[in-house]
Structure formats: C-alpha cells, structure tokens
Amino acid sequence: MSIFKKFLTFKGIIGITLVLCVVLIAIFAPLIIPPEFATKMDMRARLSPPNMAHWMGTDQLGRDLFYRVMLGARTSINIATSAVLMSLVIGLPLGLVSGYFGGRTDNVLMRLVDTLLSFPALLLALTISAVLGPNLQNTIIAIGIAFTPYLARLIRGEALRVAQMPYVEAARSSGATNSRLIIGHVLPNIMPVVIVQSTISLAFAILAEAGLSFLGLGTQPPEASWGLMIQASRDYLDRAPWTALVPGTAVALTVLGLNMFGDVLRDVLDPRSQS
Amino acid sequence: MTERNKLSSKLDTQIDDPIVSLDHLRVEFETDGGTVVAVNDISFKVFPGETVCLVGESGSGKSVTSLSLMRLVEFGGGQITGGKMLLSRDGKKTANLSEVDVDTMRSIRGNEIGMIFQEPMTSLNPVFSIERQLTDGLRLHTNLSASETREKAIELLKEVRIPDPEKRLRQYPHELSGGMRQRVVIAIAMACRPRLLIADEPTTALDVTIQAEILSLINRLKRETGMAVLFITHDMAVVAQMADRVVVMYQGNLIEEGTVNEIFSAPKEEYTKALLAAVPQLGQMAGTSLPSPLNIPGATVTVKPPRDDIGIEKKTLLEVKNLVTRFPVYGGIFRRKVANVHAVENVSFTIDRGETMALVGESGCGKSSCGRSILRLVEPESGEIFLNGKNIISLNSSELRSARRDMQMVFQDPYASLNPYMRLREQIAEPLNNFGLAGRSEVDDIVRDILEKVELPTSFLRRFPHELSGGQRQRVAIARAIVVNPSLVITDEAVSALDVSVQAQVLNLMMSLQDELGLSYLFISHDMAVVERVSHKVGVMYLGRLVEVGTRSQIFENPQHEYTRTLMAAVPIADPKKRNISNDMNFKPIPSPVFPVGHNPENPIYEEIEDGHLILRN
Amino acid sequence: MTRATMTGILSQEFIRVARAKGLAEKTVIWQYGLANAIGPVMTVAGLQMGYLFGSIIVMESLFNYTGMGWLTYQALLNRDMPLIQATVFVIAAVVMLVNLIVDLLYPFFDPRIQLK
C-alpha cells in the first residue's frame, strides 16, 4: 500500500486531480448538460465577457463558452484516447515482436517504422488527415498513425532489453514457447514503460487534436471540440480574448495534469519493478 | 637504523601513533522505512605501514565506514550521528573528520587519504583522457606546473607498472583492459602520496590472476611509501593474504578485532567462527576424492557423508564431443561479419550420473558459453552433445523443447533470473506447466514438495522475488530447475554473487540434493576453492579450449598444464600462514579469442598422463 | 531530459572517485557530469527538431508568416498533392540533415563512439 503514498506528492495530487476532473467532465457533462445549452445562439449576447448569465462569456455566435468547453471535453478526450489506443494496438505487437525476435525481423520492421519516424509527428498527422478528408474518425486515424512509430520504437527497445534478461532465458530453458515468453514474461515487464508513455501520448494527442482542428483538418463543426473553439476565436482575439483563453486553458490544464500524472506514474512504477 | 625508525622518519610521525582512529562511530541513513543504522559504535585504529582488513558480508557496514572516513557518505544520504574519526596530520595535529568543514575535507581527500573502489570499469570517467584524470587531483593539491604534473603522471604510471606510459596518457578508459584500469585508478589514488589508502573491494570484480597482480601491487606500494592500507573485502582468502590486522563487522557492529593470525587460528566470537567455517580453503581437500559439504554451524541441511557409489553402473549421462561455438562480430559500413569470437573451441568431456563436473577458468574463457551451448540457449556451430544417448544438436525446436526437460540451468544473478512480476508459485510451477507434466492440483503438491526440499517455507509461494534475499532467490531458482526432475543441472556461477555464509548453505543444499536425487551438475565457476569442495571432475578452460581435465584430486594436487598452474598460483589461500601472493606478480594478459572469418584452429591434441587426466599439448 | 540523464550519470562510480580526489562539487557536476550528458542530450535535441517543425505549421499560420510551414498548410488545405509532397519532402530532409550532423558530431562528445 505504500504505492499510493508515492502519489501523494505535490505534483501527484495536482496531476491526479486535474486528470480526474477532466475525465469526469468528459463522461458526465454530456449526460447532465442538455446539448442546446452549447448550441443555443443568442446574438444579443455575442462576445460578452464572463458574467453571471454566462460564466465564461460567449463566442461570436452568442453561444455559452462554459457549456461548450464542458461538452467539447468529451470530443477531445474521445479523440485523444482512441488515437492512443490505436497506436497501442498497432505499436505494441510490432514493438514486442521486433524486440523479442531481434535479428532480421527486427531490422525489417524497424526500417519501416523509421521511415515514418523521420517525419515530424504533427506533419504526418496533418498529411494523413488532409489525404483522408477531415472528420472525427479520420482525425483519430491520423493522430493514431502519427504516434505509432515512436511508441513502437520505445516498446521495441524495452522488449529487446527484457528479452535478454536471465529470467526469460530460464523460462525458455524450462520449456516455454515463444508466445508464452512474449505474453507471459516480456509483456508484464514492459508494462510500466508502456503505461507511462501512453499517459504522455494522451497529452500530446490532445494537443495534436487541438492543432489539427485549429488548422481545419480535424474535427469539423457542428461538433464542438477545444481545437475548433480556438480556431473560431481567431478573428476575435483583439475584441474578446476569452473566446480563445477558455478553450486554451482547458487544453493547457489537461495537458499539464496528464504530464504530472505521467511523471509521478513513472516514479512509482520504475523503481519498484527494478528493486 | 631499524625498519621501524626508517619508516617513522619517512612519515614524520611516531610509529606508535595511529594514522586514523575511529572512536564510537555511528552512521545512519533515512529511508522510506525509517532510520537505518548502518554503522553502530565502531572503534578501531590504523597504524602507519600496516594493512587493516575490514571484513564482513553485505549489510555489515564496512563500506559505509570507509565512506564515512572520506565524508563521502553524505552524498549517498548518510549521516554521521555520533563518534569521532581522528586523523593525524602533519606536525602531530589531529583533526576530527566528522567535524571538519568542507574545504578542509576536500584538501584531505585525494591528498592525505586516497580511495579506490570496486569497479574499474566505471571508476574512470569515460569521456576524459587518462592524463586528465591523473593530473586534476595533482593540480588541485600541489603547486606543480602543467609540465611537471605531466611528468608526475608518467612517473605514477610507471610506478603501477603500466607499460608504455606516454602512450597511455592520451588514451581513454575504454581502450584499456580491466586490470590496467584498476592500476590507473590506484595511480590516481596514489598521486599525492596519501598516508592512508582505503581500498573498497578493489579486486572483487577482477579475474583471479589480475586480482593477484593488483594485490601484490598494493603490497609493494605499501612497503615503498610506508602508507597504511584499510582494505575492505568480504573474501576471507584475500584477508588471509593481505592483512596485518583484521576487523570483523556484522550488521553495523564490530564483532571482533585482532591480528590476522589470531583471527584465523583462534577466533573468539561465534560469528567469526561461522564465517571462517563457511570459507572453502584451497588445499583443504587434498587426499580426499569426493566432494564434501562445508561444516557450517547451525546448518539446516543435514550433512550426509558423500556417496561412494556414484551410480552402481557408472553410466555416462552427458557426452560432449568437439563442441564449437562462435559468435559473429559485425563491422564495416555494411555490417558484414568481419570476425568470429571463438567462444568454445573443440571441447569434449563427459559427465556420469550423480557426478559433478566443474568448468573453471577466468572471464572470457568460454565456460559460460559452453554451458549455454549444451542447452542450446546459444546455437553451437558444430559438434555433438549426447544426453542419455540423444544427440541434442540434431533436434528440431519442438524436440529440443521436450529434451530440455532433462537438463536445466541455474543462473548467476539471483536478482535477474526470476521474473519480478511473477509470484514464486507460478515461477516454480512454470516448467511443470510448460511441459504439461501434471494437472492443476498435482502441480501445487509438487511445488510445495520442492519448496520443502530447498528448505524454504511454503508461505514464500505467495511472494514476489524482490521480497526475498539473494540466497533465498537462488534456492527458488534451484527449485525451479529441479521441479521437472532433470538428470543434469548446469549451474552458471550460481553462488558467485552470494555472501560467504549464504554461499556455503546453498552449496551444501546442492550437494544434498545430488545425494538425494542422483543429480549431475555441470558446475561453472571461477572460484577454485569452491570448485575443490564440490566437484568430482574438473575441466580447466582457457580461450575456449579445454586445457586440462581430470578428477578433482588430479587437477588440484597435480596440475600439469602451464595455465592451470598459473591459475593455482594466483588463487589466494585462506590461511595467513600460507602466503602465496608475493611481491609483484605479473601474469600474461589473456589474449582475445577473436579471429578473422575462416580461421580454423587445429584440432586439440591431448596427452593422458594418468587415468582420465588429460592435458592439452598444442 | 537533461535532468534524467544527469541523475543517471551522477550515480556512477567515477563521480564518487572524482569527489574522493578532493575536487570541488562544482567541478564534479559541471565538468565530470555534464561532459558525459552532452551526448544523449544532443541526440534528443536533434530529434526535438522534428517536433519543432510540426509546430511551425501552426505558428506560421497563426502569425501569418509566409514561410515553409504556412506553405505546407496551404498545400494541405487545398489538397495540392504535388505541393504537399514537395513541402513534406523538404521538411523531412532538413530534419534528417540535422540528425545526421548530430550523429557525425557524436565522437566529439563521447570518445567511446567511433564513426565507422
């Protein structure tokens, strides 16, 4: 139970709180808040600063920013999580097989991965999105594919390291088949790295989604997402900065929370497994 | 002038005054689990010109004591919470090292007290040249000019007998061998002519021949400069060879202190007696022909007299013929195979049922590779391996899998040979499950049974590896190896990483298991004294070749091959009356077994001088 | 990342040896420690260049600088395939060049590594 104590650092508490808030909002907000609240346009109140009627102000169409941010959370989190999951589904087996078998398999697979790796991730995501046509699903695919190479490389490195450990050799000499070795022995030992990296990737995915939507190659209206909100606010920055600040802060806080949580998670998982 | 007076005038102190005097030292560490007292009330003195060996097992606090003397322990989170450490300095002043300020301490470090550590590989900064590392201490503590320090550096290298000193200055640590690196480390420590040299396990990581060289180097330097040496080790044989006086520590406490002869021939405390009983002494087995367990007090393993019927019919279990294993070396732009490491070169031997055959040699000789080749954990290039008549080499992968039921391996590192994420129950049961040898409920029974055999409580089944000590983990590793009832168990330096007393227990366990189950062992080790205790047969390896093989008494009492004799001469004997580390030993460095592709060494020719005693002649 | 690399290095034996020589803590950390850290840090810095280029696209559009990033963005918006290929190629080439330079410089940071 001392594991949980380690989370109680300053960073840990803030990190977990932020992440929990965002997750809860993403899950429950759409259930509590009727969707009209976010789409109702009130032209008389357009571009109004935070006040009693609209807690975080309104955008250029008079929509309440507070509710839009809350509802947008779900979209952004959804995209980010799906993208990371996708990169895991592709990258994990890829990295495991490559690292465990080594040799030519490793060479070939990693060459493939490297070609993708030499493209900056965001650029890759943008290109894929442009090619496929921007919508929610394709955004997920684009970000997922863009993040896969890095994850695959990382997992391959870890799998390579673990595959050479004496306990894997010992298990092999006690008659374990390759699949048992990979799934039963290598996989559990690389999980800490995978978990920590996933947390960090989530943060980047949210940023990526915001970036893509900002450039018009991510989620499209009428869906609400934080990136879209920032993009929409471009023309009104001088008059109504809160239109950008509200979604921007939401993104920043989520990324911050995830980073902190990931850091603490890394501290918790690494030394224990290596003791 | 008498010896003493000569020394005295050299040092500017009275010989009766200690250089360092520890007085009720107490050192604590803050950990997650509370305050840990690493050193509890230690007091002893070190006089000029003598070697004091601080001996103990892991956790004894010996390293912490030495680090406290240098006030380096604070960097690792330790705190000196009590006692005094008096250092006598020039002009008869004494300083209390536990209280001096940082600057004074810095002027003492590397200057009046020098320290060398265990790992020569990591003691040198990989990105700085040798010259720089030798001279920055000099430039700090002395007023020599740049060219003078360079001259001094060359002198220092000559003093530690490094050939070609001018060339070495420009080199980097990775270009030097392990033995040479340790010499450089000693040269660095000696640079400012310290009056006390603290050596923390300086030879533990070195081969036995290099260890002998380094030990004799330290002796010579001690004699020439009159400095005192505080030598920390866990190896009683080294203590017997090096010490004038001995201080025995256990879990932070000082157990016993005395001259080396007193400690070895008339130990007073129980712990000291137990420690000495657990140390295998080279030469003790002369005249016997069978392995015999160590006579440790409080042994939980019932020590049975050795079997004199090694299998009613002396049946051959393992036959290795002309085994060749090579590892490719890739290089060049296209990563082509440019050379081969000839790890195992044309090795042949046999092991009978219930017999222990030892493979000895220094690092890189191929003994580990040989063991792993037999199990085909690495693929041999050619040769034949017959286990119970079946040729292991010719089996395909699924046949190999089932053949492995009959031979298992215990690895060296008790920390890395168990999966940190698996409970012990699963790890021990795994071989049974892999081979489908038993149903669910049977597996549990068998596992419990085995755990009892290796003398571990069944409550351990629920635990994870990190909750166990090194010795306990090794017992689990042994349990895992014998659970499928193999005929052959290959142990690859299985006890090398264990404390002396734990090592003795595990060795006794192995011998009693051999007795009970009729196991054969291929015992791979570099420790000659241990090998002498446990083996029936011994094979000596050098550069991948088997240079001499015979029964244990043939090899140990009548070594014939030049290399075997060199090995025997270098092994420290755990008896202070039999000092064999003379002053300035120099052994041939071990050449590298890397040869260009296509190089085929000639077949070995053996001469049989007695029944079963073979010596390599080419 | 520098922090992580440094903590790894500072736990190594030669740092203790440096202190045992009596060197000042400042010297130990800055000279002995950092000299070892530069290698890995430079490598990562080279990789970071890649990520930087991703952000450039967003930045340039935001501030209306008509640079490579902005051009890439325009190309993507207009589905101008040849232009997309060209811009992406140029960016990728620059990233690879930077990483190549870091790789070539590595022996200066770490004498253990030799160019083959």
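The values are calculated or read from the model by the stated rules, or taken from the named source; none is laboratory data. The structure displayed is predicted, hence computed values, not measured ones. Note that we place each Cβ from the backbone using ideal geometry, even for glycine, and neighbour counts take in every protein chain shown.
The table that follows gives values for the structure above.
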quantity: Candidates C:VAL28, C:VAL58, filtered to the one that is more than 12 Å from chain A (Cβ to nearest Cβ) and either farther than 30 Å from B:GLU74 by Cβ or at pLDDT 80 or above (or both); calculated: C:VAL28
quantity: Complete set of residues in region A:128-152 that are more than 18 Å from the chain's Cα centre (by Cα) and assigned to a helix (DSSP H, G or I); calculated: A:ALA130, A:VAL131, A:LEU132
quantity: Matching option when the condition is at pLDDT 90 or above, of a type in the set (A, V, I, L, M, F, W, C) and within 15 Å of the chain's Cα centre (by Cα), among B:ILE198, B:ILE232, B:ILE188; calculated: B:ILE232
quantity: Number of the exception - A:THR249 against (1) without any contact (Cβ under 8 Å) to a residue 60 or more places away in the chain; (2) within 14 Å of another protein chain (Cβ to nearest Cβ); (3) polar (S, T, N, Q); calculated: (2)
quantity: Where a residue in region B:469-492 is without any contact (Cβ under 8 Å) to a residue 40 or more places away in the chain and its partner, wherever it lies, is assigned to a loop (DSSP other than H, G, I, E, B), with Cβ under 6 Å and at least six apart; calculated: B:ARG475/B:VAL454; B:ARG475/B:LEU456
quantity: Condition broken by C:TYR65, with the remaining ones in (1) part of a helix (DSSP H, G or I); (2) under 25 Å from the mean Cα position of the chain (by Cα); (3) more than 30 Å from B:ALA191 (Cα to Cα); (4) more than 9 Å from chain A (Cβ to nearest Cβ) satisfied; calculated: (1)
quantity: Sole exception among (1) over 30 Å from B:ALA274 (Cβ atoms); (2) touching a helix residue (DSSP H, G or I) at 6+ places or on another chain (Cβ under 7 Å); (3) surrounded by 20 or more Cβ atoms within 10 Å (Cβ to Cβ); (4) not small (Gly, Ala, Ser) for B:PHE75, by number; calculated: (3)
quantity: The lone exception for A:LEU47 - which of (1) without any contact (Cβ under 8 Å) to a residue 24 or more places away in the chain; (2) in contact with a Lys or Arg (Cβ under 7 Å, 6 or more places away or on another chain) it fails; calculated: (1)
quantity: Candidates B:VAL301, B:VAL329, filtered to the one that is closer than 21 Å to B:TYR521 by Cα, modelled with pLDDT under 85 and either among the aliphatic types (A, V, I, L, M) or crowded, with 17+ Cβ neighbours inside 10 Å (or both); calculated: B:VAL301
quantity: The listed residue being hydroxyl-bearing (Ser, Thr, Tyr), buried (at least 20 other Cβ atoms within 10 Å of the Cβ) and in a helix (DSSP H, G or I), out of B:SER66, B:SER98; calculated: B:SER66
quantity: Given (1) within 17 Å of B:ARG425 (Cβ to Cβ); (2) buried (at least 21 other Cβ atoms within 10 Å of the Cβ); (3) out of contact with any Pro (no Cβ under 9 Å at 6 or more places or on another chain), number of the condition B:GLU467 does not satisfy; calculated: (2)
quantity: Region B:95-124, residues that are away from chain C (no Cβ under 14 Å) and in contact (Cβ under 8 Å) with a residue 40 or more places away in the chain; calculated: B:SER98
quantity: Unique match (being at pLDDT below 90 and hydrophobic (A, V, I, L, M, F, W, C)) among B:LEU451, B:LEU461; calculated: B:LEU461
quantity: Members of region B:422-474 that are hydroxyl-bearing (Ser, Thr, Tyr) and under 24 Å from A:LEU181 (Cα atoms); calculated: B:SER441
quantity: Only listed residue being more than 13 Å from every other protein chain (Cβ to nearest Cβ) and out of contact with any helix residue (DSSP H, G or I) (no Cβ under 8 Å at 6 or more places or on another chain), chosen from A:PRO241, A:PRO222; calculated: A:PRO241
quantity: All positions within region C:73-88 that are within 10 Å of another protein chain (Cβ to nearest Cβ), surrounded by fewer than 18 Cβ atoms within 10 Å (Cβ to Cβ) and assigned to a helix (DSSP H, G or I); calculated: C:LEU77, C:MET81, C:GLN85
quantity: Residue list for region A:114-127, filter: more than 10 Å from chain C (Cβ to nearest Cβ) and either under 20 Å from the mean Cα position of the chain (by Cα) or of a type in the set (Ser, Thr, Tyr) (or both); calculated: A:LEU116
quantity: Residue in region A:72-93 that is over 26 Å from A:PRO192 (Cβ atoms), in contact with a Phe, Trp or Tyr (Cβ under 7 Å, 6 or more places away or on another chain) and not in a helix (DSSP H, G or I) present; calculated: no
quantity: Residue among C:VAL44, C:VAL95, C:VAL102 that is facing another protein chain (nearest Cβ under 7 Å), more than 29 Å from B:VAL64 (Cβ to Cβ) and in contact (Cβ under 8 Å) with a residue 12 or more places away in the chain; calculated: C:VAL95
quantity: Every pair of residues 6+ apart whose Cβ atoms lie under 7 Å, when the first sits in region A:93-113 and is loosely packed, with under 15 Cβ neighbours inside 10 Å while the second is modelled with pLDDT of 90 or more; calculated: A:THR105/A:VAL97; A:THR105/A:SER98
quantity: B:ALA187 vs. criteria crowded, with 22+ Cβ neighbours inside 10 Å, farther than 21 Å from B:VAL64 by Cα and within 14 Å of another protein chain (Cβ to nearest Cβ); calculated: yes
quantity: Filter result for the condition that a residue is within 30 Å of B:ARG132 (Cα to Cα) and of a type in the set (Val, Ile, Thr), over C:VAL102, C:VAL98, C:VAL94, C:VAL88; calculated: C:VAL102
quantity: Scan of region A:154-209 for residues that are outside any helix (DSSP H, G or I) and more than 13 Å from chain B (Cβ to nearest Cβ), ordered by number; calculated: none
quantity: Conditions (1) surrounded by 20 or more Cβ atoms within 10 Å (Cβ to Cβ); (2) over 23 Å from the mean Cα position of the chain (by Cα); (3) in contact (Cβ under 8 Å) with a residue 24 or more places away in the chain; number of the one not met by A:ARG156; calculated: (2)
quantity: Residues being within 16 Å of B:ARG617 (Cβ to Cβ), in contact (Cβ under 8 Å) with a residue 60 or more places away in the chain and not basic (Lys, Arg) - total across region B:542-564; calculated: 7
quantity: Matching residues, region A:123-150, being within 26 Å of A:HIS185 (Cβ to Cβ) and either free of Cβ contacts under 8 Å to residues at least 12 places away in the same chain or surrounded by fewer than 24 Cβ atoms within 10 Å (Cβ to Cβ) (or both); calculated: A:TYR150
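Conditions tested, residue by residue: (1) crowded, with 20+ Cβ neighbours inside 10 Å; (2) aromatic (Phe, Trp, Tyr).
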| residue | (1), (2) |
| --- | --- |
| A:GLY175 | yes, no |
| A:MET191 | no, no |
| A:THR199 | yes, no |
| A:ALA224 | yes, no |
| A:TRP242 | yes, yes |
| A:VAL251 | yes, no |
| A:ASP267 | no, no |
